[in-house]
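I have placed the structure first, in the form of structure tokens, so that the comments after it can refer back to it.
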């Protein structure tokens, strides 16, 4: 088994959030807010792209939401990846809006999808 790593360990990623995305039909009708779980998905997807292999979220060590994401929006996720055992990475993540305002921060543990 090879050790899971991301080089360089610090990576940013951008994600546009369109107002017509299907998730907003039910979250919440008339007052759309991006579900927090999608911020986590953005970070895991960005880490998977940087790692060059599919990753899954296995734990959330700490997570704090600072502001809602209202569509349309652009979300920037920055993360610092460090080993958390041979087959896991700890992603220290920060999410920001297009204006640079903090949206959330937290530590996610990811592993290679099997």
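The values are calculated or read from the model by the stated rules, or taken from the named source; none is laboratory data. Just so it is clear, the structure is predicted and the values come from calculations on it, not from any experiment. Every residue, glycine as well, gets a Cβ built from its backbone with ideal geometry; the counts of neighbours run over all protein chains shown.
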What residue, among those in the range 1-33 that are at pLDDT 90 or above, surrounded by 14 or more Cβ atoms within 10 Å (Cβ to Cβ) and in contact with a strand residue (DSSP E or B) (Cβ under 6 Å, 6 or more places away or on another chain), is farthest from residue 73 (Cα to Cα)?
13
Checking residue 67 against (1) at pLDDT below 95; (2) over 15 Å from residue 108 (Cα atoms); (3) touching a strand residue (DSSP E or B) at 6+ places or on another chain (Cβ under 9 Å); (4) not in a strand (DSSP E or B), which test does it fail?
(1)
The condition from (1) under 11 Å from the mean Cα position of the chain (by Cα); (2) assigned to a strand (DSSP E or B); (3) over 15 Å from residue 12 (Cβ atoms); (4) without any contact (Cβ under 8 Å) to a residue 60 or more places away in the chain that residue 56 misses is numbered (1)
Search the range 72-114 for residues being outside any strand (DSSP E or B) and either closer than 17 Å to residue 49 by Cα or out of contact with any strand residue (DSSP E or B) (no Cβ under 8 Å at 6 or more places or on another chain) (or both), and hand back the single one that is modelled with the lowest pLDDT.
86
